[in-house]
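A.B. asks: Below is one structure. I have some questions about it.
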Amino acid sequence: MRLELGNIDIREIRFAEKSEIKDGVLYVNQEEIVAKVLEDDLIREAHLDITVPGESVRITPVKDVIQPRVKVEGPGGMFPGVIAKVDTVGSGKTNVLRGMAVVTAGRIVGFQEGIIDMSGPGADYTPFSQLNNLVLVMEPKEGIKQHDYERAARLAGLKTAAFIGELAKNITPDETKVYETLTVKEGFEKYPDLPRIGYVLMLQTQGLLHDTYVYGVDAKQTLTTLISPTEIMDGAIISGNCVSACDKNTTYHHQNNPVIEDLFEAHGKTLNFVGVIITNENVYLADKMRSSDWSAKLAEYLSLDGVIVSQEGFGNPDTDLIMNCTKIEKKGIKTVIITDEYAGQDGKSQSLADADPLADAVVTGGNANEVIVLPPMEKIIGTLDFVNKIAGGHDGSLREDGSIEAEIQVITGSTNEMGFNKLSAR
Amino acid sequence: MKKFRVVHYINQFFAQIGGEEMAHVPPEKREGLVGPGLALKQQFGDEAEIVATVVCGDSYFGENTKQALEEVMAMIKEEKPDIFIAGPAFNAGRYGFAAATVTKAVKEELGIPAVTGMYEENPGVDVALKDVYIVATGNSAAGMRTAAPLMAKLALKLAKGEAIGASIEEGFLPNGIRKNFFDKERGSARAVSMLEKKLADKPFTTEYPMPNFDRVKPNPAVADITKTKVALVTSGGIVPKGNPDHIESSSASKFGEYDITGVDDLTAETFETAHGGYDPVYANDDADRVLPVDILREYEKAGKIGKLHHLYYSTVGNGTAVASAKKFAEEIAKRLLAEKVGAVILTST
């Protein structure tokens with residue numbers, strides 16, 4: 001499966017009469033997008049805002065971050081099974097709006113949303129401070145349940161991103177990159193001497209607002225399976241997650257999965273990147289055992305020599321992580337796992353809820369409990385009403401001057417377990 | 001600016017008194033720097049000055065530890081130092097033991113920044129790893145050139161009250177205290193390169209060595225539950241409506257103790273969850289789903305259990321450090337024992 005990604009650099013976002021992309025500037029007609037969002041009668045009110053890297057702006061509570069992309073050639077459309085019809089994506093051509101994202105924000109669940117600071121110390125911890133963001137702030141209809149609102153907000157974000165992506169359909173990319181996954185047979189023939197490497201991508205599926213969707217299917221009701229990495233680039237996996245902000249994989253993280261990018265980078269040189277195994281993180285022991293059995297079985301079936309396992313969330317999924325790791329190791333396949341840590345604010349506690357000596361190669365995204373002080377910002381997009389309540393905050397997190405003392409857990413993407421960031425810990 | 005006063009501790013060998021044959025010499029104090037103090041001085045520049053060097057034979061210290069430590073401490077105290085440095089001891093075991101012992105004592109008794117340095121396998125490491133910063137050195141004196149500047153730099157930072165970075169940045173041996181830092185490459189690239197090394201059987205360093213876990217053996221079954229007082233304890237965050245103790249939604253710093261005397265059923269009007277790790281709708285709708293007071297009241301009336309304890313304990317087990325959980329549990333257990341509770345139902349989410 002071969003996919004050509006055409007990157008179009010977006011230098012600036014501006015509100016305008018007509019939604020279009022011209023010379024690296026995205027023009028957005030706010031009314032047009034708001035009207036689309038309000039088609040869902042669970043959403044009472046919506047408006048857009050624009051943020052620029054370096055500004056004194058705080059966005060909170062952040063729900064999801066999505067990169068607008070559009071299929072230019074080849075089957076399927078963006079977010080297949082959710083926005084576009086179900087069809088296998090991942091081949092042909094896709095245009096990507098690089099340097100920007102759609103951020104959904106507003107009062108959603110109250111607990112698990114995050115903070116994006118566009119400047120100051122907090123900005124160093126989130127990759128989204130480096131992007132031009134189109135922020136969609138929503139208010140739900142009174143009295144609706146959290147999970148109904150979550151779904152409405154999720155779809156509104158995807159719809160907005162897909163709409164903006166469409167504007168890039170006929171734009172000539174600034175840079176084009178080609179990604180190709182070979183069949184098993186082709187791989188063996190082309191790279192007989194290179195180690196065969198797979199990627200076990202763990203998807204958060206604990207349920208109760210901790211869900212991920214693959215081609216529109218709730219992944220907690222799936223068995224571990226194979227997917228081409230280019231399908232993921234085309235929006236086959238989306239986030240429906242309200243886990244802690246720091247280590248949830250937003251839709252943007254899936255679209256730009258760094259493990260996939262870095263394995264493609266080494267593909268054909270030092271290793272043969274065979275493919276991706278997606279597996280879930282369910283709460284029942286039987287599910288955990290079955291899913292990790294299948295991860296190991298598929299890794300063996302693909303004749304892999306080595307595997308990178310990435311996690312999402314923490315605590316309960318630590319058991320899935322360790323099961324995946326140990327079962328794959330016991331097949332004689334070497335593993336590296338990517339996780340993050342909850343070592344306490346003083347860094348003195350054990351970092352994971354499960355452990356095994358076979359997990360001898362660990363990459364960490366850092367200790368999510370480490371405390372940071374975020375200075376006040378001139379402009380708040382969304383509301384500060386939940387700062388004391390979100391995971392990583394505490395009563396008194398929000399100080400009178402508008403500064404926030406909290407764990408880095410509150411910052412969207414700060415300890416990402418796909419290895420998106422440079423943050424680590426020792 | 002005032003220069004920091006530094007006292008340096010070295011053994012008889014580095015003071016050029018002699019090797020093993022002179023290891024019995026008792027402590028002595030010399031003015032200014034001696035031997036390896038020169039390498040420290042270069043790093044200190046104008047900011048600090050070695051005012052005295054305490055020298056002690058390794059065997060003397062090892063064989064008369066209590067007395068030797070007293071003598072050495074007296075000499076150090078006299079100098080009223082701002083900073084104390086011992087070694088580096090490299091892989092010399094008895095020297096490492098002495099350096100670690102003195103460094104720990106200085107930090108604890110004098111409350112001043114105290115740093116030592118040695119090879120990771122030096123037995124001295126176990127003496128003070130959790131107590132003081134031990135700079136990682138090579139296993140022989142050839143490592144002086146890299147070790148001395150790291151030790152001096154770290155000591156200066158401590159003296160100035162500057163933030164100390166992660167072990168890998170500062171050069172000290174990992175002491176089990178996890179500290180964040182920004183690495184050169186992103187995590188995914190680090191994972192790919194770690195996997196390539198592992199596949200090629202080349203040495204690699206895990207970023208998180210697996211911890212040893214406590215395993216708790218279950219108690220024997222309760223002899224007669226119909227005569228036993230049963231208590232409810234939950235990490236599912238069930239609290240009286242309004243969360244009066246402000247228990248955090250994640251990384252809880254406290255637990256709550258709540259009276260359920262006369263409560264037969266938890267309702268949406270009276271109880272809710274403070275937990276941030278799951279969809280609260282169903283727990284808020286009927287908190288008995290997480291904390292089964294209703295069923296236990298029925299059991300109590302039917303004589304299936306002796307009694308439901310009138311207090312329950314609640315915290316949030318979401319991103320909460322194990323050390324915090326342990327602390328809560330110790331206190332909760334104490335209170336339960338005092339109230340003669342014979343069995344506990346622990347509910348999580």
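The values are calculated or read from the model by the stated rules, or taken from the named source; none is laboratory data. Just so we're clear, the structure is a prediction, and the values are computed from it rather than from any experiment. Cβ coordinates were reconstructed from backbone atoms using ideal geometry, including for glycine residues, and neighbour counts include every protein chain displayed. Heads up: the accessible areas ignore ligands, DNA and RNA and are worked out on the full protein's heavy atoms, side chains in. Shrake-Rupley method; radii C 1.70, N 1.55, O 1.52, S 1.80 Å.
A.B. asks: Run A:LEU223 past the list (1) in contact with a helix residue (DSSP H, G or I) (Cβ under 8 Å, 6 or more places away or on another chain); (2) touching a residue at least 60 places away in the same chain (Cβ under 8 Å); (3) closer than 26 Å to A:ALA161 by Cβ and report the number of the one that doesn't hold.
C.D. replies: (3)
A.B. asks: Of the conditions (1) free of Cβ contacts under 8 Å to residues at least 60 places away in the same chain; (2) in contact with a helix residue (DSSP H, G or I) (Cβ under 7 Å, 6 or more places away or on another chain), A:VAL65 fails just one. Which one is it?
C.D. replies: Unmet condition: (1).
A.B. asks: Would you check if there is a residue in the range B:94-112 being surrounded by 24 or more Cβ atoms within 10 Å (Cβ to Cβ) and either at pLDDT below 95 or not assigned by TED's automatic domain parsing to the domain that holds B:LEU150 (or both)?
C.D. replies: Of the range B:94-112, the ones surrounded by 24 or more Cβ atoms within 10 Å (Cβ to Cβ) are B:95-96, B:98-100, B:102-103, B:106.
Filter once more, so that each one left must be either at pLDDT below 95 or not assigned by TED's automatic domain parsing to the domain that holds B:LEU150 (or both): none.
No: the range B:94-112 contains no residue that is surrounded by 24 or more Cβ atoms within 10 Å (Cβ to Cβ) and either at pLDDT below 95 or not assigned by TED's automatic domain parsing to the domain that holds B:LEU150 (or both).
A.B. asks: Now a separate question. Contact list please: Cβ distance under 8 Å, first residue in the range B:278-300 and within 14 Å of chain A (Cβ to nearest Cβ), second residue aromatic (Phe, Trp, Tyr), pairs at least six apart or on different chains.
C.D. replies: Hits for this filter: B:PRO280/A:PHE111; B:ARG289/B:TYR282.
A.B. asks: To continue, here is another question. Output the residues belonging to the range A:395-420 that are of a type outside the set (A, V, I, L, M, F, W, C), buried (at least 24 other Cβ atoms within 10 Å of the Cβ) and facing another protein chain (nearest Cβ under 7 Å).
C.D. replies: Listed by number, the residues that qualify are A:GLU407, A:GLN409, A:GLY419.
A.B. asks: What tally of residues in the range A:2-56 results from selecting those that are in contact with an Asp or Glu (Cβ under 9 Å, 6 or more places away or on another chain), open to solvent by less than 60 Å² (accessible area, probe 1.4 Å) and in a loop (DSSP other than H, G, I, E, B)?
C.D. replies: Here the count works out to 5.
A.B. asks: With the condition kept exactly as written, say whether any residue in the range B:192-209 is closer than 27 Å to B:PRO88 by Cβ, basic (Lys, Arg) and surrounded by 13 or more Cβ atoms within 10 Å (Cβ to Cβ).
C.D. replies: no
A.B. asks: Something else: Take B:LYS327 and tell me if it is among the charged types (D, E, K, R) and in a loop (DSSP other than H, G, I, E, B).
C.D. replies: no
A.B. asks: In this structure, does A:THR230 turn out to be out of contact with any helix residue (DSSP H, G or I) (no Cβ under 8 Å at 6 or more places or on another chain), in contact (Cβ under 8 Å) with a residue 40 or more places away in the chain and more than 11 Å from chain B (Cβ to nearest Cβ)?
C.D. replies: yes
A.B. asks: Out of B:LYS307, B:LYS326, B:LYS340, I need the residue that is open to solvent by 50 Å² or more (accessible area, probe 1.4 Å) and closer than 29 Å to A:ALA391 by Cα. Which one?
C.D. replies: Step by step, each of B:LYS307, B:LYS326, B:LYS340 is checked, and only B:LYS326 is open to solvent by 50 Å² or more (accessible area, probe 1.4 Å) and closer than 29 Å to A:ALA391 by Cα.
A.B. asks: What residue, of A:ILE337, A:ILE381, is at pLDDT 95 or above, within 23 Å of the chain's Cα centre (by Cα) and more than 10 Å from every other protein chain (Cβ to nearest Cβ)?
C.D. replies: Answer to the check: A:ILE381.
A.B. asks: Okay, moving on. What residue, of B:LYS66, B:LYS29, is more than 31 Å from the chain's Cα centre (by Cα), charged (D, E, K, R) and either open to solvent by 20 Å² or more (accessible area, probe 1.4 Å) or more than 21 Å from B:PHE172 (Cα to Cα) (or both)? Spell out the reasoning first.
C.D. replies: Values: B:LYS66 fails: more than 31 Å from the chain's Cα centre (by Cα).
Unique residue meeting the criteria: B:LYS29.
A.B. asks: From A:THR279, A:THR270, A:THR319, grab the single residue that is modelled with pLDDT of 95 or more and away from chain B (no Cβ under 14 Å). Steps first, please.
C.D. replies: On the way: A:THR270 fails: away from chain B (no Cβ under 14 Å); A:THR319 fails: away from chain B (no Cβ under 14 Å).
Being modelled with pLDDT of 95 or more and away from chain B (no Cβ under 14 Å) holds for just one of A:THR279, A:THR270, A:THR319, which is A:THR279.
A.B. asks: Please specify each residue of the range B:173-202 satisfying the condition of being more than 7 Å from every other protein chain (Cβ to nearest Cβ) and touching a strand residue (DSSP E or B) at 6+ places or on another chain (Cβ under 8 Å).
C.D. replies: B:LEU173, B:ASN175
A.B. asks: Quick test of your reading of the structure: B:GLY319 fulfils all but one of (1) touching a residue at least 12 places away in the same chain (Cβ under 8 Å); (2) within 12 Å of chain A (Cβ to nearest Cβ); (3) at negative phi. Name the failing condition by number.
C.D. replies: Condition (3) is where B:GLY319 drops out.
A.B. asks: Which number in (1) touching a residue at least 60 places away in the same chain (Cβ under 8 Å); (2) open to solvent by 40 Å² or more (accessible area, probe 1.4 Å); (3) more than 7 Å from every other protein chain (Cβ to nearest Cβ); (4) under 23 Å from the mean Cα position of the chain (by Cα) marks the one condition that A:PRO375 misses?
C.D. replies: Every condition holds for A:PRO375 apart from (4).
Yes/no per residue for (1) at pLDDT 95 or above; (2) under 17 Å from B:LEU296 (Cα atoms):
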position: B:ARG215; (1), (2): no, no
position: B:THR228; (1), (2): yes, yes
position: B:ALA231; (1), (2): yes, yes
position: B:VAL239; (1), (2): yes, no
position: B:GLU248; (1), (2): no, no
position: B:SER251; (1), (2): no, no
position: B:GLY256; (1), (2): yes, no
position: B:ASP264; (1), (2): yes, yes
position: B:PHE271; (1), (2): yes, yes
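A.B. asks: Could you please let me know if B:GLY342 is more than 12 Å from chain A (Cβ to nearest Cβ), of a type in the set (Gly, Ala, Ser) and on the phi > 0 side of the Ramachandran plot?
C.D. replies: So B:GLY342 fails the test.
A.B. asks: Quick one: would you say B:ALA147 is within 23 Å of the chain's Cα centre (by Cα) and more than 9 Å from every other protein chain (Cβ to nearest Cβ)?
C.D. replies: Working: within 23 Å of the chain's Cα centre (by Cα): no; more than 9 Å from every other protein chain (Cβ to nearest Cβ): yes.
The answer is no for B:ALA147.
A.B. asks: For residues that are of a type in the set (A, V, I, L, M) and within 14 Å of chain A (Cβ to nearest Cβ), scanning just the range B:322-336, find the one that is nearest to B:GLU248 (Cα to Cα).
C.D. replies: B:ALA325
A.B. asks: Given the options A:ALA359, A:ALA368, A:ALA391, name the one that is modelled with pLDDT of 90 or more, at the interface with chain B (Cβ under 7 Å from one of its Cβ atoms) and under 17 Å from B:VAL322 (Cα atoms).
C.D. replies: Result of the check over A:ALA359, A:ALA368, A:ALA391: A:ALA368.
A.B. asks: While we're here: Among the residues of the range A:232-270, what is the count of those that are surrounded by fewer than 22 Cβ atoms within 10 Å (Cβ to Cβ), over 24 Å from A:GLY92 (Cβ atoms) and of a type outside the set (Val, Ile, Thr)?
C.D. replies: So the count comes out to 2.
A.B. asks: Counting only residues that are modelled with pLDDT under 95 and open to solvent by 30 Å² or more (accessible area, probe 1.4 Å), give me the strands (runs of 3 or more DSSP E) lying completely in the range A:105-194 with at least 1 of them.
C.D. replies: A:132-140
A.B. asks: Taking the range B:82-100 only, how many residues are under 23 Å from the mean Cα position of the chain (by Cα), farther than 22 Å from B:ILE164 by Cα and not aromatic (Phe, Trp, Tyr)?
C.D. replies: 2
A.B. asks: Only residues that are free of Cβ contacts under 8 Å to residues at least 24 places away in the same chain and more than 20 Å from A:SER351 (Cα to Cα): list them for the range B:322-349, please.
C.D. replies: Scanning the range B:322-349 gives B:GLU330, B:ALA333, B:LYS334, B:LEU337, B:ALA338.
A.B. asks: Residues A:PRO127, A:PRO140, A:PRO61, A:PRO68: which one is more than 19 Å from the chain's Cα centre (by Cα), of a type outside the set (Gly, Ala, Ser) and under 30 Å from A:GLU378 (Cβ atoms)?
C.D. replies: Exactly one residue qualifies, and that residue is A:PRO140.
A.B. asks: Confirm whether B:LYS107 is among the basic types (Lys, Arg) and either closer than 29 Å to B:SER167 by Cα or in a helix (DSSP H, G or I) (or both).
C.D. replies: Yes.
A.B. asks: Please tell me if B:ALA142 is in a helix (DSSP H, G or I), touching a residue at least 40 places away in the same chain (Cβ under 8 Å) and farther than 30 Å from A:GLY198 by Cβ.
C.D. replies: no
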